[in-house]
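Enquirer: Mind looking over this structure? Questions follow.
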Amino acid sequence: MDKFSNQPLDRFIKITEATEILGYAHYRSINMLIEKDILTSYKLPHVVRRRVLLSEVLKLKESGEDDPNTSEPSKKRGRGRPRKFG
């Protein structure tokens, strides 16, 4: 986090940098946040990959809503054979 604290907040960062800041193991978690409209992605000219704003990522980290699985109700299932019908 030290390398991000002294830079201006309104800059575009890579998805992998957002992954590092939020503490995820894989970039797909950030893509899930983008799909659920928790984060906004931007397409920049002459850049192939999408970017996100650092200020949005830091705000998300401070609010604690960065877990993509929190919006879904958690159903605790026991161990064993999976059911065929939900």
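Enquirer: Can you tell me which residue among Thr16, Thr70, Thr40 is at pLDDT 90 or above, surrounded by 10 or more Cβ atoms within 10 Å (Cβ to Cβ), not small (Gly, Ala, Ser) and not in a helix (DSSP H, G or I)? Full working, then the answer.
Expert: Values: Thr16 fails: not in a helix (DSSP H, G or I); Thr70 fails: at pLDDT 90 or above.
Exactly one residue qualifies, and that residue is Thr40.
Enquirer: Residues in region 47-55: is at least one basic (Lys, Arg), surrounded by fewer than 17 Cβ atoms within 10 Å (Cβ to Cβ), farther than 15 Å from Asp10 by Cβ and out of contact with any helix residue (DSSP H, G or I) (no Cβ under 8 Å at 6 or more places or on another chain)?
Expert: no
The values are calculated or read from the model by the stated rules, or taken from the named source; none is laboratory data. None of the values given here were measured: they were computed from a predicted structure. Virtual Cβ from ideal backbone geometry, glycine too; neighbours counted across all protein chains shown.
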